[in-house]
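Take a look at the structure below.
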Amino acid sequence: EAIIPLLELINGQRYQFIGTAFFITSTGVFVTAKHVLMAAHDRGHPIATWQLIPPNQWLIRPVDQLSFHDTADLAVGVARPAAHSETHELLINPRLRLTMRAYSVGNLVSTYAYPSTVILSTDAGQTLSFQPGFYEGHILEHLPNGRDTVILPSPCYRTSMIIHHGASGGPVAGPSGRVFAVNS
């Protein structure tokens, strides 16, 4: 529930899946990869989150604020507050816990993301089908000074996880289950 798909609203009529994000506060603040949001943001298109409300409800929440890191492939956003449709109580977001711990080559890491998302146009509008996946691998390399000076100039890791299109922006967790990186 804390890991969410991100959507771009095109021409005010249809949604397009653009990547994965995850909540870091109970009030709707989320983190993702900057490249997930930049094209939609540059086009001036609204961005929204899709959120599962257990056991079987969902909600599309517009994103009200975005902030992009100057050099790292990181962005922070704020989803518009939402209330329960029947009780009108503000929804409290589940969130992932973060860590500043540096991990070592060989450590097991995992991610959960939405690369198998399908959005179909119908006569009534759109059908959104989100099929998340869990992926794991090991850290192959720690690059404390970045990979290069243009695309990944900030500290990063290279892993053996398969990062499918659409998994960008998803959380990367170590053995403790705490998030220490973002898929990029």
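The values are calculated or read from the model by the stated rules, or taken from the named source; none is laboratory data. If you're wondering where the values come from, they're calculated on a predicted model, not measured in any experiment. No Cβ is skipped: glycine too gets one built from the backbone with ideal geometry, and neighbour counts run over all protein chains shown. Side chains are part of the model used for accessible areas, which takes the heavy atoms of the whole protein and leaves out ligands, DNA and RNA. Shrake-Rupley method; radii C 1.70, N 1.55, O 1.52, S 1.80 Å.
When you check L66 against the structure, is it over 18 Å from T27 (Cβ atoms) and surrounded by 16 or more Cβ atoms within 10 Å (Cβ to Cβ), yes or no?
No.
Restricting to the range 56-87, give me the number of residues that are hydrophobic (A, V, I, L, M, F, W, C), closer than 23 Å to K34 by Cα and in a strand (DSSP E or B).
8
Among the listed residues G137, G177, G166, which satisfies the condition of being in a loop (DSSP other than H, G, I, E, B) and at pLDDT 90 or above?
G177
Quick check on D64: is it acidic (D, E) and within 15 Å of S168 (Cβ to Cβ)?
In short, no.
I'd like the full set of residues that are among the β-branched types (V, I, T), modelled with pLDDT of 95 or more and surrounded by fewer than 20 Cβ atoms within 10 Å (Cβ to Cβ), limited to the range 97-122.
T99, V105, listed by residue number.
Take the residues in the range 140-157 that are outside any strand (DSSP E or B) and in contact with a Gly (Cβ under 9 Å, 6 or more places away or on another chain), then tell me which one is modelled with the highest pLDDT.
Looking at the filtered set, the residue picked out is P155.
Can you tell which of P54, P81, P94 is surrounded by 12 or more Cβ atoms within 10 Å (Cβ to Cβ), more than 17 Å from the chain's Cα centre (by Cα) and touching a residue at least 40 places away in the same chain (Cβ under 8 Å)?
Result of the check over P54, P81, P94: P81.
For the range 160-178: of the residues being within 19 Å of the chain's Cα centre (by Cα) and open to solvent by 40 Å² or more (accessible area, probe 1.4 Å), which is nearest to L37 (Cα to Cα)?
Within the range 160-178, the match that is nearest to L37 (Cα to Cα) is H165.
Residues of the range 127-144 being under 12 Å from G170 (Cβ atoms) and hydroxyl-bearing (S, T, Y), which ones?
Within the range 127-144, the subset under 12 Å from G170 (Cβ atoms) is 132-135.
Within the range 127-144, Y135 is the sole residue that qualifies.
Could you please let me know if Y112 is farther than 30 Å from L9 by Cα and in contact with a strand residue (DSSP E or B) (Cβ under 7 Å, 6 or more places away or on another chain)?
No: the conditions fail for Y112.
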